[in-house]
Amino acid sequence: MTKAMEILNSLTLEEKASLTSGKDCWRTVDIEGKLASIMMSDGPHGLRKEESGGTVPATCFPSSATVANSWDEELMYKIGEALGEECLANDVQVILGPGVNIKRTPLCGRNFEYFSEDPLLATKMACGHIRGVQSKGVGACIKHFAANNQETDRFSVNAVIDERTLREIYLSSFEEAVKEAKPWMIMSAYNKLNGDYCSENKPLLTDILRDEWGYEGLVVSDWGAANEPVNGVKAGLDIRMPGPVPSANAAIVEAVKSGKLSTEELDKNVLRIIELVEKGIKGRIADYKADMTAHNDLAMKAAEESAVLLKNGVLPLKKSDKIALIGAFAEEIRYQGGGSSCVNATEVSNLLQSLDDKSIDYTYAKGFKTEDDSVDENLVSEAVAASEKSDKIVICMGLPFRMESEGFDRWTMSLPSNQIGLFNKLSTLGKPIVVLLFQGSPVEMEWSEAADSILAMYTGGQAVAKACVNLLFGDAVPSGKLSETWPLRLENNPTALSFPEKGTATYSEGVYVGYRYYDKKHLDVMYPFGYGLSYTTFEYSDLELSATDISESDTLEVTFKVKNTGSVAGKEIAELYVEPTYPSVSRPVRELKGFKKIYLEPGEEKTVTMTLSKRSFAYYDVETHDWQVDTTVYKIHVGPSSRNLPLVASLKVTSSRSGKTFFTTDSRVYELNANPISKEALNKLLTEDLKLDISALSIDLPLSKLVGFSGGILSVDMLDRFVMELNEKIK
């Protein structure tokens, strides 16, 4: 018998029930002589441990939205290690993060806490985070499970999502992170999902998470997200936070005594709580000291690696240039998001200090207010005067806390009007302008043509100012790429007409989120998913596939070469997308299925290898409730962004499905034309056997109507046999 089972068997019913609520805001319940208590604290990009008088000093790393732009799982692992070390130093056993919710719209107020609009990228970054934290004997808590995509009405909004969309987009990043990285905890979201609160959602917490995915860890509610206690236990919620909640505990005791809740059901939950506490206690290290200087250096490196060069005409600057440094963010830098993830940073430098450290000649002018959009003409005049005396202008623009935080959604994608007005005025001076952007999510950029260079720093953590200066003057080379699409304007987003919704949020756009939507609609965007420039250039060549005809159970090796064709060393993020040419259901044009970040010296060339498996070609089939692969031709695209894919190769993948009826006599002509095998068979039937003029047939004509059009040549039995044989060929 395990120690956890021994403890379980020693507990009274009342003691078991007490464990299902927190002891206080952050700790689990302890039972004297039987079980200790462990502490949880907020994350995800820095430890936020509350103590009397405030929160402990901790390293504020770049936010998840920022680090995702690095596309670097190893970097994310190192940040996770550092987070784990700071937890050890502060006697914290579980840190609440990472957040892996998909970015459905640019307006979600909490987007800065989430990785991407793409499930694969979110998965890989989450795995790095979780593995890094847990390598130190500290637990990670992946959140918010699931479909937590708006702050408006977040405590009760019902996210209505069809099964395929839920599986392919909103659950996928949770699924793979749970299976690959095995987080100690998973946090249920505030909202409802298809009618049930996530904290009392048995299909979500038990049927999918535990029975299907094999999750063995603990489920904790978001703080205040739990509702009916007995239903929560039955659904698979282990701990409701914060606590204590005597009424909930009493309800659980009464439910067991009355038979509404079985002892076995309660014991499953309590055993998981005990196992978590035992792991947490085992990981404790007395008097642990974290290297905070090294962590600050790591925060700076992460900010450098995650910065995205959106446009370039003048960078890197010369250290001899006379700079006009404009914008309030230069002095009060926006380095993190607002809300529960707000970290008490150990140190924060601004751009003035960082330029001073490198002995750069600059003149600073605040230029605009951040507390509101009003224009201060004195600030504008000072900015113009400073700019007129400069060689180059560096203007710091972005979203202030009042526009982007947990607790509310953004109401616009535009920057504050006083910032845009100042930029427009400075752009008439004829001086080169570099824009530094500080924001947690995309902004509209109708003003961007007048900028010579644009460097998006996002919410880059406590060392972002130092990273900015290193990037501005070429001591670091930009290598980040966008983990989300930047649309031209808000109206182009598929949720623009309805977001945010109160009461019920219907995800009517389906799987078409982010680049999947913009590509399908052939919409121009400001900057595509996966886009980012460098101070050097790269060339792709020699794409090769290990096979051109495989079964869905096979793996495919994809190799290609990347060469640094520029004059400075740099890192390139190579991206691989898969396109089904004849899908049986509506699918995105192409989807990200692999990526790798590589370092190259000038003139250096490396061979890159990526491996694809069944899920790389699959969609979620709502008939079989499983992942399925079409028998068809797929194109493999490789390049530097989702809309710049110079390499392409094709292969056929054959499905191993049996017993699946692909077509019936009610299938339409256009459905058969969507698959190369059925298209060839139909053409033969029509032109050779029936001698029909294909051009005269409507593409939405059901096959059954061919009996009448054939002039007696085709019988019902012959058509049935044709369909049966066709289905066998496709299988």
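The values are calculated or read from the model by the stated rules, or taken from the named source; none is laboratory data. The structure displayed is predicted, hence computed values, not measured ones. Here Cβ is always computed from backbone atoms with ideal geometry, including for glycine, and neighbour counts include all displayed protein chains. In case anyone asks, the SASA skips ligands and DNA or RNA and just uses the protein heavy atoms, side chains included. Shrake-Rupley method; radii C 1.70, N 1.55, O 1.52, S 1.80 Å.
Filter the cross-link list Lys182/Lys234; Lys49/Lys289; Lys103/Lys431 down to pairs whose alpha-carbon distance in this structure exceeds 28 Å.
On the way: Lys182/Lys234 23 Å; Lys49/Lys289 16 Å; Lys103/Lys431 37 Å.
Check vs 28 Å cut-off fails for Lys103/Lys431.
Would you mind checking Lys192/Lys279; Lys16/Lys257; Lys561/Lys596 for any pair whose Cα atoms are more than 22 angstrom apart?
Details: Lys192/Lys279 31 Å; Lys16/Lys257 13 Å; Lys561/Lys596 12 Å.
Among Lys192/Lys279; Lys16/Lys257; Lys561/Lys596, the Cα-Cα distance tops 22 Å for Lys192/Lys279.
Please compute the net charge surrounding Asp391, taking Lys and Arg as +1 and Asp and Glu as -1 over other residues with Cβ under 15 Å from its Cβ.
+2
Per-residue counts of other Cβ atoms within 10 Å, averaged by peptide: what ranking do you get for 251-258, 466-473, highest first?
Going from most to least packed, we get 466-473, 251-258.
Cut-off under 17 Å on the C-alpha distance; same-chain residues fewer than 8 positions from Lys466 excluded. Which lysines are left, in chain and number order?
Excluding near neighbours in sequence, the set is Lys301, Lys318, Lys319, Lys358.
Ordering Glu601, Glu113, Glu216, Glu491 from largest to smallest accessible area (1.4 angstrom probe), what's the sequence?
Details: Glu601 85, Glu113 0, Glu216 155, Glu491 125 Å².
The residues order as Glu216, Glu491, Glu601, Glu113, largest area first.
Using the structure shown, select from Lys366/Lys481; Lys136/Lys571; Lys78/Lys143 the pairs with a Cα to Cα distance greater than 25 angstrom.
Values: Lys366/Lys481 29 Å; Lys136/Lys571 29 Å; Lys78/Lys143 20 Å.
In this structure, Lys366/Lys481; Lys136/Lys571 exceed 25 Å between Cα atoms.
What FRET efficiency comes out for the pair Asn344/Ser546, r = Cβ-Cβ distance, R0 = 41 Å, nearest 0.05? Show your work: numbers first, answer last.
On the way: r = 51 Å, r/R0 = 1.25.
Plugging the Cβ-Cβ distance into 1/(1 + (r/R0)^6) gives 0.20.
Among DSSP beta bridges whose residues both lie in the stretch 142-252, state the antiparallel percentage, nearest 5.
On the way: 2 of 11 bridges.
Here the antiparallel bridges make up roughly 20 percent for the stretch 142-252.
Pop the C-beta distance of Ser553 and Asn194 into the FRET formula with R0 = 30 Å and round what comes out to the nearest 0.05. Don't jump to the answer; show the numbers that get you there.
Working: r = 32 Å, r/R0 = 1.07.
The computed FRET efficiency comes out at 0.40.
Based on the mean of other beta carbon atoms within 10 Å per residue, what is the order of 199-205, 563-569, 458-464, most packed first? Show your work: numbers first, answer last.
Working: 199-205: 23.1, 563-569: 16.1, 458-464: 30.3.
Packing order, densest peptide first, comes out as 458-464, 199-205, 563-569.
Grab the beta carbon distance between Asp626 and Ser374, set R0 = 60 Å, and tell me the FRET efficiency rounded to 0.05.
On the way: r = 57 Å, r/R0 = 0.95.
Step by step, r from the Cβ atoms, then E = 0.60.
Just to confirm a number: summing +1 for Lys and Arg and -1 for Asp and Glu over residues other than Ile281 whose beta-carbon lies under 12 angstrom from that of Ile281, what do you get? If you can, show how the numbers build up before the last one.
Numbers: positive: Lys3, Lys279, Lys282, Arg284; negative: Asp30, Asp91, Glu275, Glu278.
So the surrounding residues net to 0.
Measuring from centroid to centroid over Cα atoms, what is the spacing of the stretch 203-230 and the stretch 133-183 in Å?
Centre-to-centre distance over Cα atoms comes out at 11 Å.
Looking only at the stretch 300-330, which residues have a backbone nitrogen under 14 Å from a spot 7 Å from the Cα of Lys358 in the C-beta direction?
301, 304-305, 315-325
Excluding residues on the same chain fewer than 8 positions from Lys635, give the aspartates and glutamates whose Cα lies under 16 Å from its Cα.
Asp519, Asp542, Glu544, Asp549, Glu552, Glu557, Glu575, Glu579, Glu591
Between Asp291 and Arg721, what is the label-point separation in nm under the 7 Å Cα-to-beta-carbon projection?
7.8 nm
If you build the convex hull over the alpha carbons only and average its shadow over all orientations, what do you get for the stretch 302-408? Give it in nm² to one decimal.
Numbers: hull surface 33.4 nm².
Across all orientations, the stretch 302-408 yields a mean hull projection of 8.3 nm².
Give me the distance between the Cα centres of the stretch 477-522 and the stretch 279-337, rounded to whole Å.
So the separation of the two Cα centres works out to 28 Å.
Would you grab the residues whose amide H sits under 5 Å from the one on Tyr582? Only those 5+ places off in sequence or on another chain, please, with H modelled 1.01 Å from N.
Here the answer is Val633, since their amide H atoms fall under 5 Å of that of Tyr582.
By accessible area of protein heavy atoms, probe 1.4 Å, what ranking do Ile677, Ile102 get, highest first?
Numbers: Ile677 40, Ile102 5 Å².
In descending accessible area the options line up as Ile677, Ile102.
Name the residue from Leu647, Val707, Leu672 whose Cα lies farthest towards the positive end of the charge dipole of the stretch 582-731, charges +1 on Cβ of Lys and Arg and -1 on Cβ of Asp and Glu.
Highest projection toward the positive end goes to Leu647.
Return the whole-Å distance between the Cα centroid of the stretch 392-456 and the Cα centroid of the stretch 609-626.
Measuring centre to centre over Cα atoms gives 40 Å.
Which percent, nearest 5, of DSSP beta bridges in the chain are antiparallel? Walk me through the numbers on the way to the answer.
Values: 56 of 99 bridges.
Once the DSSP bridges in the chain are tallied, antiparallel ones form about 55 percent.
Report the full-extension gain for the segment Ser381 to Glu74: residue separation times 0.36 nm, less the Cα-Cα distance, to one decimal in nm. Working shown, then result.
Details: separation 307, 0.36 × 307 = 110.52 nm, distance 4.63 nm.
That works out to 105.9 nm of additional length.
Excluding Arg154 itself, calculate the net charge of residues whose Cβ lies under 12 Å from the Cβ of Arg154, where each Lys or Arg counts +1 and each Asp or Glu counts -1.
Numbers: positive: Arg110, Lys192, Lys502; negative: Glu151, Asp153, Asp222, Glu406, Asp409, Glu501.
Every neighbour counted, the sum reads -3.
Just how large is the dipole of the stretch 625-731 about the Cα centre, in debye to the nearest 20, putting +1 at every Lys and Arg Cβ and -1 at every Asp and Glu Cβ? Let's see the in-between values first.
Numbers: 13 positive and 13 negative charges, 87 e Å.
Dipole of the stretch 625-731, to the nearest 20 debye: 420 debye.
What does the highest-first list of 57-67, 425-435, 602-612, 14-24 look like by mean Cβ count within 10 Å?
57-67, 14-24, 425-435, 602-612
Report the label-to-label distance for Ser498 and Leu429 in nanometres (one decimal), using points 7 Å from each Cα along the Cα→Cβ vector.
For Ser498 paired with Leu429, the spin-label model returns 4.7 nm.
Roll a 1.4 Å probe over the protein heavy atoms and report the accessible area of Arg643 in Å², nearest 10.
About 100 Å², rounded to the nearest 10.
Starting from the Cα-Cα distance between Ser567 and Lys684, subtract it from 0.36 nm times their residue separation and give me the gain in nm to one decimal. Walk me through the intermediate numbers first.
Numbers: separation 117, 0.36 × 117 = 42.12 nm, distance 5.73 nm.
Here the answer is 36.4 nm.
Taking 0.36 nm per intervening residue step and subtracting the Cα-Cα distance, what contour gain separates Thr611 from Ser417 on full extension? Present the calculation step by step, with values, prior to reporting the outcome.
On the way: separation 194, 0.36 × 194 = 69.84 nm, distance 4.72 nm.
So the chain would gain 65.1 nm between Thr611 and Ser417.
What residue among Phe401, Pro494, Ala386 has its Cα farthest toward the positive end of the dipole of the chain, where the charges are +1 on Lys, Arg and -1 on Asp, Glu, each on the Cβ?
Pro494
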